[in-house]
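Notes for the one structure printed next.
The values are calculated or read from the model by the stated rules, or taken from the named source; none is laboratory data. Remember, predicted model here, so these are calculated numbers, not experimental data. Quick reminder, even Gly has a Cβ in these numbers, built from the backbone with ideal geometry, and neighbours come from all protein chains shown.
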Amino acid sequence: MIQVHCFGSLGAALPGTKKSPISLSLGKPTPLPTVLERLDIPKGLVQLVMVNHRAVSRETLIHPHDRVALFPREYPFFVDWKDYRRS
(Lines give C-alpha, C1' and ligand atoms only; values in the text may rest on other atoms or scores of the structure.)
Protein backbone atom coordinates (compact mmCIF):
# COMPACT_ATOMS: atom_id res chain seq x y z
CA MET A 1 0.00 0.00 0.00
CA ILE A 2 1.29 3.48 -0.87
CA GLN A 3 -0.09 6.91 -0.07
CA VAL A 4 -0.27 9.42 -2.91
CA HIS A 5 -0.70 13.12 -2.10
CA CYS A 6 -1.87 15.27 -5.04
CA PHE A 7 -1.32 19.01 -4.76
CA GLY A 8 -2.90 21.92 -6.62
CA SER A 9 -4.78 21.14 -9.82
CA LEU A 10 -3.78 17.46 -9.61
CA GLY A 11 -6.33 17.00 -6.82
CA ALA A 12 -9.04 18.27 -9.17
CA ALA A 13 -7.75 15.96 -11.92
CA LEU A 14 -8.51 12.87 -9.85
CA PRO A 15 -11.40 10.91 -11.34
CA GLY A 16 -14.70 10.50 -9.56
CA THR A 17 -14.80 11.04 -5.83
CA LYS A 18 -11.14 10.26 -5.10
CA LYS A 19 -9.60 12.66 -2.61
CA SER A 20 -5.97 13.22 -1.75
CA PRO A 21 -4.23 11.39 -0.11
CA ILE A 22 -5.06 8.25 -2.03
CA SER A 23 -4.17 4.80 -0.78
CA LEU A 24 -3.12 2.51 -3.60
CA SER A 25 -2.28 -1.15 -3.23
CA LEU A 26 1.08 -2.25 -4.66
CA GLY A 27 2.29 -5.83 -4.35
CA LYS A 28 5.75 -5.16 -5.77
CA PRO A 29 7.92 -2.23 -6.89
CA THR A 30 6.10 -0.44 -9.71
CA PRO A 31 7.39 2.20 -12.17
CA LEU A 32 6.09 5.71 -11.51
CA PRO A 33 4.41 5.97 -14.97
CA THR A 34 2.37 2.85 -14.14
CA VAL A 35 1.28 4.35 -10.80
CA LEU A 36 0.16 7.55 -12.58
CA GLU A 37 -1.71 5.43 -15.12
CA ARG A 38 -3.52 3.55 -12.36
CA LEU A 39 -4.58 6.89 -10.88
CA ASP A 40 -5.71 8.21 -14.30
CA ILE A 41 -3.34 11.19 -13.97
CA PRO A 42 -1.66 12.22 -17.24
CA LYS A 43 2.10 12.36 -16.58
CA GLY A 44 2.26 15.62 -18.56
CA LEU A 45 0.39 17.36 -15.74
CA VAL A 46 3.04 16.46 -13.16
CA GLN A 47 6.07 18.71 -12.74
CA LEU A 48 7.70 17.17 -9.69
CA VAL A 49 7.38 13.90 -7.80
CA MET A 50 8.74 13.33 -4.34
CA VAL A 51 8.96 9.88 -2.78
CA ASN A 52 9.48 9.77 0.95
CA HIS A 53 10.22 13.52 0.91
CA ARG A 54 12.95 13.31 -1.79
CA ALA A 55 12.71 14.39 -5.43
CA VAL A 56 12.85 11.44 -7.81
CA SER A 57 13.23 10.92 -11.55
CA ARG A 58 10.32 10.10 -13.87
CA GLU A 59 11.41 6.47 -14.13
CA THR A 60 11.78 5.70 -10.44
CA LEU A 61 10.27 2.56 -8.94
CA ILE A 62 7.61 3.09 -6.30
CA HIS A 63 7.80 0.51 -3.51
CA PRO A 64 5.06 -0.70 -1.17
CA HIS A 65 4.77 1.65 1.86
CA ASP A 66 6.21 4.65 -0.02
CA ARG A 67 4.73 8.14 0.40
CA VAL A 68 4.37 9.82 -3.00
CA ALA A 69 3.74 13.56 -3.46
CA LEU A 70 2.73 14.86 -6.90
CA PHE A 71 3.09 18.54 -7.76
CA PRO A 72 1.49 20.13 -10.85
CA ARG A 73 3.04 22.44 -13.41
CA GLU A 74 1.57 25.60 -11.86
CA TYR A 75 3.73 25.18 -8.73
CA PRO A 76 6.88 27.30 -9.00
CA PHE A 77 9.97 25.18 -8.42
CA PHE A 78 13.60 25.95 -8.89
CA VAL A 79 14.19 22.31 -9.77
CA ASP A 80 12.13 20.06 -11.97
CA TRP A 81 12.79 16.63 -13.43
CA LYS A 82 15.03 18.03 -16.17
CA ASP A 83 17.39 19.39 -13.52
CA TYR A 84 17.18 16.36 -11.27
CA ARG A 85 20.47 15.18 -9.81
CA ARG A 86 20.94 12.42 -7.30
CA SER A 87 22.50 13.67 -4.08
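Quick rundown of the values:
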read-out: Test: residue 54 is in contact with a strand residue (DSSP E or B) (Cβ under 7 Å, 6 or more places away or on another chain) and at pLDDT 90 or above; value: no
read-out: Pair list, Cβ under 8 Å, 6 or more apart: the range 56-74 residue under 13 Å from residue 45 (Cβ atoms), other residue of a type in the set (Val, Ile, Thr) and outside any strand (DSSP E or B); value: 70/41
read-out: Residue in the range 65-81 that is assigned to a loop (DSSP other than H, G, I, E, B), at pLDDT 85 or above and surrounded by fewer than 17 Cβ atoms within 10 Å (Cβ to Cβ) present; value: yes
read-out: Members of the range 40-52 that are under 14 Å from residue 66 (Cβ atoms) and surrounded by 13 or more Cβ atoms within 10 Å (Cβ to Cβ); value: 49, 50, 51
